[in-house]
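Step one of this worksheet: look at the structure below.
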Amino acid sequence: MDKLSTEISKSHQEFIEKQKMFFVASAPLSGEGHVNVSPKGLEQLKVLNSSQVAYLDFVGSGNETSAHLLENGRITFMFCSFDKVPCILRLYGQGKVILPESSDWCHFASFFKAHKGNRQIIVADIFHVQTSCGYGVPLYDYQGDRNILFEWAEKKGETGLQQYQKEKNRVSLDHLPTHLSVQ
């Protein structure tokens, strides 16, 4: 893998597809604002082409990424190898949020398996790819995905999920609006 690149190569894509977990980072412009880093899994990220990725985002207790993308668009993804071959790969880009009501939803949703509790799709245009050694990342064994999120969403039901999002997903920790509050 190259150390620095302006696009996602085939070897980068192969590395990304092998990872069972990735991290998403975003931040507000304010120096006092909170930097958000969220772990993600469930095979929800797809490389769409050499300069674009998307991931299916589920209802959760916060919606920081949406607020930060609405404010400034900056997003970083990080993938770490936890197996024998160490590597860290970061994707730097400009992101946007696609809501279920959007005319683009059907196109982007077609890349993912539908689940109860889908909230939005995050699409990012990647302008910088960086790899590093990952020698300090420990070894871990993948045991499987958790089903708790889907079970929780199923119990909430559609009305319960909508109410939960109104209560928990309309503003960020720093009181910035999310895409759900401006739709």
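What follows is calculated from the coordinates using simple rules that are stated; it is not laboratory data. Being a predicted model, the structure only gives us computed values, none of them experimental. Backbone-built Cβ (ideal geometry, glycine too); neighbour counts: all protein chains shown.
Structure above, values below:
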quantity: Exposed chymotrypsin sites (Phe, Trp or Tyr not before Pro) absent: longest stretch of the chain, with sites in DSSP loops and at most 12 other Cβ within 10 Å deemed exposed; calculated: 1-134
quantity: Cα-based helix-to-principal-axis angle, 148-168 vs the chain, degrees rounded to 10; calculated: 60
quantity: Convex hull of the chain built on C-alpha atoms - directionally averaged projected area, nm²; calculated: 10.8
quantity: Counted charge near Phe58, where neighbours are those whose Cβ lies closer than 13 Å (Asp, Glu -1; Lys, Arg +1); calculated: +2
quantity: Along each principal axis, Cα extent of region 1-40, largest first, Å; calculated: 38, 24, 12
quantity: Farthest toward positive dipole pole in the chain [+1 Lys/Arg, -1 Asp/Glu at C-beta], among Pro177, Val85, Asn72; calculated: Val85
quantity: The chain: calculated mean residue ellipticity at 222 nm from DSSP helix runs of at least 4, using -39500 (n - 2.57); calculated: -7500 deg cm²/dmol
quantity: Set of lysines near Lys168 by C-alpha distance (under 22 Å), chain-local residues within fewer than 8 positions excluded; calculated: Lys40, Lys96, Lys116, Lys155, Lys156
quantity: Filtered trypsin sites (Lys or Arg not before Pro), region 105-163: DSSP coil and at most 13 other beta carbons within 10 Å; calculated: Lys113, Arg146
quantity: Dipole-positive endmost among Gln162, His34, Gln94 within the chain (Cβ charges, Cα centre); calculated: Gln162
